[in-house]
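The values are calculated or read from the model by the stated rules, or taken from the named source; none is laboratory data. Just so you know, these numbers come straight off a predicted model, no measurement behind them. Heads up, the Cβs are rebuilt from the backbone with ideal geometry, glycines too, and the neighbour counts pull from every protein chain shown. The protein model used for the area step is the full one, side chains on, heavy atoms only, and it has no ligands, DNA or RNA in it. Shrake-Rupley method; radii C 1.70, N 1.55, O 1.52, S 1.80 Å.
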Amino acid sequence: QEINCLYPLGTASAYSFVKKRNVCLYEPNINLSNYTKGLISLYGKPQRFNDIDTDKEITFAAPPFGLKSDLDIQTYAPFEEDEESKLINDLHCKLLYLAHKNTKKITIAITNLGTLFSKSKGINYFREKIIDKNWVDSIITLPSGIFPNTGISSALIVLKKDRSKNEKVQLIDFS
């Protein structure tokens, strides 16, 4: 099974996913990419690394928090924007949307709680799209302080394609 690991935190976490998988890393910082490959070789079984591919079954997406919306999307993602993604003003949400749009089945996304509760127009549009498309499978709130040097409350959002209309969304509170 192959998995995409996107953005700096996803790349840094890649070694956790490689026990029986091939890993596709997307990290514009070549030093971090090399560091991650070294971790995988040290703690995991050396794996084949593929170029990023939009045809993967699973994606682990962890874009940085607090990105400036005026930055070029290509700086962070290997994906082209579509009409819907252009309406998402928040770059973090846009990267999550594009990661799942370009994944075959499941995206595990790390995000802050603002993604779930902010009233910002672009974030509201992101939530509307993932709900309209019936992509939300689970929301897992994480303990505070899980990220060093920040008190930002965060969550994992599991997005899944081809969900049946009567499947319930799981809400899990690990806070």
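Across the accessible surface of region 116-175, with the other protein chains kept in place and a 1.4 Å probe, carbon and sulfur atoms take up 55 percent.
Taking all protein chains together and rolling a 1.4 Å probe, residue 58 ends up with roughly 30 Å² accessible. So if we plug the beta-carbon distance of residue 167 and residue 73 into 1/(1 + (r/R0)^6) with R0 = 41 Å, what FRET efficiency do we get, rounded to 0.05? Plugging the Cβ-Cβ distance into 1/(1 + (r/R0)^6) gives 0.85.
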